[in-house]
């Protein structure tokens with residue numbers, strides 16, 4: 001791997017991405033401080049159920065899409081696994097953060113034993129996508145070779 005100034009290094013994103021995202025991240029700091037000081041500690045919403053069911057439907061879609069791409073040996077599984085991990089962490093965060101006193105223990109247990117471990121597995125998949133895809137392609141190749149030898 002080359003350095004940032006190395007003319008031979010391969011860019012994984014356009015050059016403008018890093019500075020623009022750095023500015024956006026820095027700009028979000030005062031906005032977040034403002035929200036922390038001004039938002040009410042309690043809020044009632046008319047679409048609470050719709051919001052959570054919609055989120056869970058999106059989570060189901062990315063879980064199934066991740067499973068499908070992994071099964072197919074598609075290299076895009078890393079991207080979907082990253083999205084799935086992010087959504088699982090957000091699900092755990094908001095489940096614990098907005099649960100009432102009676103529901104909080106179940107939310108914490110769900111976060112510790114379901115959402116966060118599954119997010120970690122998705123993170124592992126995203127980091128090891130080449131190995132996962134290669135293993136799946138080897139299995140498919142062996143299966144195809146067995147089928148070919150059986151037909152001949």
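Taken together, the values in this text are just the output of simple stated rules run on the coordinates, not laboratory data. Source: prediction; values computed, not measured. No Cβ is skipped: glycine too gets one built from the backbone with ideal geometry, and neighbour counts run over all protein chains shown.
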Highest GNM mean-square fluctuation, the chain, Cα pairs closer than 10 Å: which of 111, 85, 36? 36
Residue order, fewest to most beta carbons within 10 Å, for 58, 87, 37: 37, 58, 87
Which angle from 0 to 90°, rounded to the nearest 10, does the C-alpha axis of helix 17-38 make with the longest principal axis of the chain? 30
Tell me, what is the FRET efficiency for residue 64 and residue 145 to the nearest 0.05, using R0 = 25 angstrom and their Cβ-Cβ distance as r? 0.25
Convex hull of Cα atoms in segment 65-124, direction-averaged projection (nm²): 3.9
Cα-Cα separations in segment 48-151 greater than 21 Å, expressed as whole percent: 46
Going by C-beta contacts inside 10 Å, put 90, 118, 50 in order with the fewest on the left. 50, 90, 118
Sorting 129, 33 on the 10 Å Cβ count, fewest up front, what's the list? 33, 129
Against the longest alpha carbon principal axis of the chain, how many degrees, from 0 to 90 and to the nearest 10, is the axis of helix 77-98 turned? 20
